[in-house]
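The values are calculated or read from the model by the stated rules, or taken from the named source; none is laboratory data. Please read all numbers here as calculations on a predicted model, not as lab measurements. Counting neighbours? That spans all protein chains shown, and the Cβs are built from the backbone with ideal geometry, glycine included.
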Amino acid sequence: MKKLIAIAIFVFAGFAVQAQETAKIEFKSEVIDYGEIQKGSDGVRVFEFTNTGNVPLVITDVTSSCGCTIPEKPKDPIAPGESGEIKVKYDTNRVGPIRKTVTVYSNADVPAKSIKIKGTVLE
């Protein structure tokens with residue numbers, strides 16, 4: 001009986017030690033600062049990222065904290081070691097400070113990742 005228990009422990013320990021296969025998303029920068037921009041100027045910015053995991057990264061959804069910010073996710077999976085981008089368009093016809101959060105949902109080891117935009121739109 002002791003041998004059976006010992007074997008079971010080694011088997012379960014072996015499964016726990018195996019490297020898990022996961023996708024990992026690593027952003028070049030998690031904050032984009034628009035700085036001071038003029039009303040009506042180009043509001044498109046790009047978050048660049050790399051899949052540092054060992055399985056394809058699938059971004060299932062990208063949402064923003066406000067309707068004034070429109071994110072665009074990649075359509076295809078990102079292979080391990082490959083890079084991708086998430087485009088974010090802010091409505092620069094809204095004068096004042098920019099402080100918005102964009103949430104990226106994926107199959108990565110952290111399934112919901114927040115990235116941010118900031119800045120000021122001048123009159």
Subset of segment 87-123 (residues that are under 12 Å from F27 (Cβ atoms) and at pLDDT below 95): none
Of all residues in segment 95-123 being in contact with a strand residue (DSSP E or B) (Cβ under 6 Å, 6 or more places away or on another chain) and outside any strand (DSSP E or B), the one that is surrounded by the fewest Cβ atoms within 10 Å (Cβ to Cβ): V95
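Of all residues in segment 83-94, how many are small (G, A, S) and surrounded by 15 or more Cβ atoms within 10 Å (Cβ to Cβ)?
1
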Return the only residue of K100, K116 being out of contact with any Phe, Trp or Tyr (no Cβ under 8 Å at 6 or more places or on another chain) and among the basic types (K, R). K116
Do you know which residues across segment 64-82 are exposed (fewer than 13 other Cβ atoms within 10 Å of the Cβ) and either assigned to a strand (DSSP E or B) or touching a His at 6+ places or on another chain (Cβ under 8 Å) (or both)? none
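For segment 61-85, which positions are among the aliphatic types (A, V, I, L, M) and over 17 Å from I98 (Cβ atoms)?
V62, I78, A79
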Among all residue pairs at least 6 apart or on different chains, which show Cβ distances below 8 Å where the first residue, located in segment 37-53, is at pLDDT below 95 and the second is among the hydroxyl-bearing types (S, T, Y) and not in a loop (DSSP other than H, G, I, E, B)? none
